[in-house]
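Colleague: Before anything else, here's the structure in question.
The values are calculated or read from the model by the stated rules, or taken from the named source; none is laboratory data. These numbers were taken from a predicted model, which means no experiment stands behind them. Here the Cβ is made from the backbone with ideal geometry for all residues, glycine too, and neighbour counts use every protein chain on show. Surface accessibility is based on the protein's heavy atoms, side chains included, excluding ligands, DNA and RNA. Shrake-Rupley method; radii C 1.70, N 1.55, O 1.52, S 1.80 Å.
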Amino acid sequence: MATRTVTIASKVGLHARPAATFSRAAAATGLPVTLSVGEKEPVNAASILAVMGLGVAHGQEVTLTAQGEGAEEALDRLAGLLASEEDGQ
């Protein structure tokens, strides 16, 4: 299982557009990807509602996990999205 810890760069956190952009990218990997923050249970990263439900703010650290062939590369791409200041616009 591959894991990455990333600090959220988007000024609005993982809300609305950034969450949608991230969830679409997670779904496009074709792998089971989870996202967690703090002590909260991991959620399906491909679900925009689950991602938004975590209430992740700017500057918070999140943990991504994925399993399967290509998981390391997929998490590198997803971590790059979260670490960028793009707000999904």
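Colleague: Please enumerate the residues belonging to segment 41-58 that are assigned to a loop (DSSP other than H, G, I, E, B), farther than 16 Å from Thr3 by Cα and open to solvent by 60 Å² or more (accessible area, probe 1.4 Å).
Modeller: If the condition is that a residue be assigned to a loop (DSSP other than H, G, I, E, B), farther than 16 Å from Thr3 by Cα and open to solvent by 60 Å² or more (accessible area, probe 1.4 Å), then His58 is the only one that fits.
Colleague: State all residues of segment 9-40 that are touching a residue at least 40 places away in the same chain (Cβ under 8 Å), in a loop (DSSP other than H, G, I, E, B) and open to solvent by less than 50 Å² (accessible area, probe 1.4 Å); if no residue qualifies, say none.
Modeller: Ala9, Ser10, Gly13, Leu14, Ala16, Thr29, Leu31
Colleague: Residue check, Val6 against (1) surrounded by 13 or more Cβ atoms within 10 Å (Cβ to Cβ); (2) in contact with a His (Cβ under 8 Å, 6 or more places away or on another chain), all met but one. Which one?
Modeller: (2)
Colleague: Would you call Glu61 under 17 Å from Arg4 (Cβ atoms), surrounded by fewer than 19 Cβ atoms within 10 Å (Cβ to Cβ) and at pLDDT 95 or above? Spell out how you get there, then give the answer.
Modeller: On the way: under 17 Å from Arg4 (Cβ atoms): yes; surrounded by fewer than 19 Cβ atoms within 10 Å (Cβ to Cβ): yes; at pLDDT 95 or above: yes.
Judged against the criteria, Glu61 is a match.
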